[in-house]
Amino acid sequence: MSKAVFTPSTLLSARGALHMAQILLCLVTFVLAAVRGGSSHTYWNYAMFTWAFCFIMTLVITIIEMMKLDIVLDLFCMDWPDFATGMAMCSALMTVSVAVMYANFYACATCVYGWVVTAFACLCGLVYVLEVVKDKCLDKKTGTYLAALPGFFKCMEAFVSCIIFISLTGYRDSIALILCVVAYVIPFPILPVIIATNILKKLKKRLPFNLDRFVFIFLVISVVLYIFTAIMWPIFMFRNNPRPSDCPPSYCVWAIQFMVAFMTYVNLILFSLDLVFTLLGICGFRRT
């Protein structure tokens, strides 16, 4: 096997320039938000995690491609173009949503610094969207899993689950709502395992069971759990709990509780479509 060769010329390509812009903007946005001051707010913590995660992943991908290690990885354990494009799609989803979230909670008419961070957050999301447009529309890259519908559906399900988790509040005094939280938690850790196993082709082939059948069973259970929460959360959270008259459009506890209900229905739709597509074997989904 040939040695890894350092090729900084990859940074001069359009892809390399986008990666450098992503790394720089994620770092600057993270530092600006950190300088603004710490917060116990879950949305702030999630925003900081997103910028740090995207910075690290883009840096790792750039270093691997500079060292030409992607050729080795593509040969032995994964479809590298699919992984790189899929990560760009996930990063675009995360950074764009965080930009909207940060503007909603931390930017106001008198919050100049909040608008500065929001502007950099929007630029951060823009460069990831540009990479996705370049890969999918200009370069016509077709994914095998992560950059295709089956993998991206799993990423969206995990993303919506994260939004639900950071929005959970006011459930501790109700057994029914606690059961809803348990129902949210059960599918979540399995999603990254399914994604990672499908990305690592060699690992998938060595599994002692049929992964596609396991995914089908997982989807059925997830749909049942989300049907349960879609019924129970609105009933036990909003019964005798109307929206307060002093609840502002951008933020209040009731609005966050409503966000949980809304995202529950979004994830129910995603899991249901995932299950139907898997049953029919369409749009790149493997029929079980």
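What the table below lists for this structure:
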quantity: Global geometry of the stretch 187-268, whether rounded, prolate or oblate, following the gyration tensor of its Cα atoms and the 1.5 cut on a/c; calculated: prolate
quantity: Nearby aspartates and glutamates by direct alpha-carbon distance to residue 154 (threshold 17 angstrom, same-chain neighbours under 8 apart not counted); calculated: 82, 212, 274
quantity: Inter-label distance for residue 204 and residue 76, nm, one decimal - labels placed 7 Å from Cα along Cα-to-Cβ; calculated: 2.0
quantity: Three-way shape call for the chain based on the alpha-carbon gyration tensor, with the a/c threshold at 1.5; calculated: oblate
quantity: Spin-label pair residue 49/residue 173, simplified geometry with 7 Å Cα→Cβ offset, distance in nm; calculated: 2.7
quantity: Mean Cα-pair separation over length for the chain, i.e. relative contact order, pairs under 8 Å, 6 or more apart, %; calculated: 19
quantity: Prolate/oblate/rounded call for the stretch 71-210, Cα gyration tensor, a/c under 1.5 rounded; calculated: oblate
quantity: For residue 67, distant residues with modelled amide H under 5 Å away; calculated: 7
quantity: Within the accessible area of the stretch 165-204 (1.4 Å probe), percent carbon and sulfur; calculated: 73
quantity: FRET efficiency, 1/(1 + (r/R0)^6) with R0 22 Å, evaluated for residue 252 and residue 34 via beta carbons; calculated: 0.25
quantity: Å² per residue, accessible surface of the chain at 1.4 Å; calculated: 51
quantity: Gain upon complete extension [residue 56, residue 280; 0.36 nm per residue less C-alpha separation]; calculated: 76.9 nm
quantity: Fully extended contour minus Cα-Cα distance, from residue 133 to residue 165, at 0.36 nm per residue; calculated: 8.5 nm
quantity: Potential extension, residue 109-residue 69 segment - 0.36 nm per residue separation minus Cα distance; calculated: 9.6 nm
quantity: Kyte-Doolittle mean at least 0.5 and Cα axial length at least 30 Å: DSSP H helices in the chain; calculated: 14-36, 42-66, 80-106, 112-133, 211-238, 253-280
quantity: Spin-label model distance (nm) - residue 140 vs residue 13, 7 Å beyond Cα toward Cβ; calculated: 1.8
quantity: The chain - mean residue ellipticity at 222 nm from DSSP helices (-39,500 (n - 2.57) per run, n ≥ 4, rounded to 500); calculated: -24500 deg cm²/dmol
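The values are calculated or read from the model by the stated rules, or taken from the named source; none is laboratory data. Keep in mind that what you see is a predicted model, and the values were worked out from it rather than measured. Please note: Cβ atoms are built from the backbone with ideal geometry, for glycine as well, and neighbour counts cover all protein chains shown. In case anyone asks, the SASA skips ligands and DNA or RNA and just uses the protein heavy atoms, side chains included. Shrake-Rupley method; radii C 1.70, N 1.55, O 1.52, S 1.80 Å.
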